[in-house]
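Just so you know, all these numbers are worked out from the coordinates, no wet-lab data involved. Predicted model only: the values in this text are computed from it and were never measured. Every residue, glycine as well, gets a Cβ built from its backbone with ideal geometry; the counts of neighbours run over all protein chains shown.
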Amino acid sequence: MLISNIFHYVGVATTCYWAIQLARYVYCYIRSSSLPRYNPTGKDAWALITGANDGIGFGFAEELSERGFNVFLHGRNREKLSRRQEELQTKFPNIKYKVIVSDAANIHENINLTPNEIGDANLTILVNNVGGEKQSYRGLTELSYQDVRTTINTNATFMTQITRVLLPVLERNGPSLVLNVSSIAAYGMPFVPVYSATKGFVDSFSRALDAEVKARGQDVEVLAIRVGSVRSQSNDVDVGLMVPDSRTMAAASLERVGCGIPLIFGYWGHAIAGLSLDFIPRPFMVKMLANTMDSLKKQAEERQAKRN
Ligand SMILES: NC(=O)c1ccc[n+]([C@@H]2O[C@H](COP(=O)([O-])OP(=O)(O)OC[C@H]3O[C@@H](n4cnc5c(N)ncnc54)[C@H](OP(=O)(O)O)[C@@H]3O)[C@@H](O)[C@H]2O)c1
């Protein structure tokens with residue numbers, strides 16, 4: 001009798017726990033974003049987006065411009081940045097833009113000078129978007145020393161260092177937001193081992209920094225957005241229900257701001273894909289991921305062959 005009562009209460013408690021977690025998660029997708037908090041009227045707020053030349057980063061630039069933020073566009077190619085700046089300026093004539101040029105893959109100590117480039121602009125948002133993997137579909141031993149270094153620098157080191165130097169600015173201008181772009185690859189995908197690991201770093205760095213700023217009583221929100229497949233410069237796939245375009249992805253990410261969960265899928269379709277990974281037993285998941293990577297590799301090769 002006692003044992004069956006214990007099982008009964010454990011069952012009820014577990015069901016309540018999962019119901020609350022699910023409700024909290026669903027709430028994040030139906031509530032209104034807290035983004036306007038970071039652009040109070042008359043304060044002329046700025047956002048800095050890394051890797052803003054293309055793909056999701058450019059999507060963030062468009063979406064933040066539409067929401068009234070001035071934008072620092074970061075990229076490695078000055079000429080392309082200028083073209084992008086002109087394009088945005090034509091579309092959003094009331095918004096101010098500035099460019100910051102540096103190669104995230106070859107990060108140097110002069111990253112410490114970034115606050116000088118910000119000057120007295122009221123920076124309230126940092127979007128750490130730059131990232132990706134140039135050597136997709138290769139096993140660890142097929143990568144060179146330089147491949148590994150490039151992937152770690154571009155996805156993890158640059159984000160950490162630019163956040164380190166800009167956090168005092170963001171704290172001074174609070175309330176402010178650090179939005180870090182992560183990936184479904186953080187689950188641990190075969191044939192992108194280093195990239196997967198850097199996105200795991202993004203996740204745990206974001207959680208740790210969120211805890212740290214809260215512990216220090218700072219009004220800075222730290223949010224990691226997990227991303228699944230998105231059509232972008234580096235991911236030439238067809239847009240569909242589960243594959244948004246870059247601007248839709250950026251808009252969905254901004255909708256999650258202020259939801260109270262520091263690590264979340266930005267787009268609802270990716271959330272469904274991500275949650276299903278949590279429930280599939282590991283041996284099946286490994287097989288499924290290997291098959292998925294294999295078919296993505298074939299698709300990429302076919303597209304490349306068509307282009308040549
Ligand atoms: N697309 C997806 O399916 C997907 C899935 C999961 C996660 N993500 C994440 O989403 C973020 C954006 O990805 P995306 O697909 O939008 O990428 P993308 O289309 O390739 O755009 C990346 C942007 O970053 C810039 N960039 C790349 N390497 C750089 C470097 N070393 N220094 C400075 N700028 C650099 C690129 O500049 P250039 O224009 O000069 O090339 C480009 O503007 C990344 O963090 C990626 O890991 C994307």
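Data overview
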| read-out | value |
| --- | --- |
| Calculated from backbone phi, Karplus (6.51, -1.76, 1.60) coupling profile of region 144-155 in Hz, x at Gly/Pro | 8, 3, 5, 4, 5, 4, 4, 5, 5, 4, 5, 8 |
| Cut-off under 5 Å, modelled amide H: who pairs with Val130 long-range | Thr50, Gly51 |
| Residues with amide H under 5 Å from that of Leu177, placed H, sequence gap 5 or more | Ile125, Leu126, Glu221 |
| Assigned charges on the beta-carbon of Lys, Arg, Asp, Glu; the chain dipole about Cα centre (debye) | 220 |
| Karplus 3J(HN,Hα) series, Hz, for region 260-270 with 6.51 cos²θ - 1.76 cosθ + 1.60 (x for Gly, Pro) | x, 10, x, 9, 8, 6, x, 9, 4, x, 5 |
| Residue-span extension gain [Val26 to Asp245] - 0.36 nm each, minus C-alpha spacing | 76.6 nm |
| Estimated 222 nm signal from helices in the chain, with DSSP H stretches of n ≥ 4 weighted -39500 (n - 2.57), rounded to 500 | -16500 deg cm²/dmol |
| Most mobile listed residue (His108, His74, His270) in the chain, GNM with C-alpha springs under 10 Å | His108 |
| Under 19 Å from the Cα of Lys297 - aspartates and glutamates, other chains or at least 8 residues apart | Glu133, Glu142, Asp147, Asp236, Asp238 |
| Beta bridge orientation in region 34-280: antiparallel %, DSSP, nearest 5 | 0 |
| Nonlocal amide H pairs with Arg226, under 5 Å, H built at 1.01 Å | Ser182, Ile264, Phe265, Gly266 |
| Local electrostatic count, Asp238, Cβ distance below 14 Å [Lys/Arg +1, Asp/Glu -1] | 0 |
| HN-Hα J in Hz across region 248-254 - Karplus 6.51, -1.76, 1.60, θ = phi - 60°, x for Gly and Pro | 4, 5, 5, 4, 5, 4, 5 |
| Local electrostatic count, Asn77, Cβ distance below 10 Å [Lys/Arg +1, Asp/Glu -1] | +2 |
| Of Lys134/Lys298; Lys43/Lys98; Lys91/Lys298; Lys134/Lys287; Lys134/Lys214; Lys199/Lys298, those spanning more than 27 Å from alpha-carbon to alpha-carbon | Lys91/Lys298; Lys134/Lys214 |
| Within region 157-185: backbone nitrogen closer than 19 Å to the Ala208 label point (7 Å, Cα to C-beta) | 157-168, 178-183 |
| Between region 40-105 and region 194-229, the alpha-carbon center distance in angstrom | 22 |
| Order by protection proxy (mean Cβ within 10 Å, highest first), peptides 151-164, 202-215 | 151-164, 202-215 |
| Listed peptides 175-183, 56-64, 26-34, 4-12 by packing density, highest first (mean Cβ within 10 Å) | 56-64, 175-183, 26-34, 4-12 |
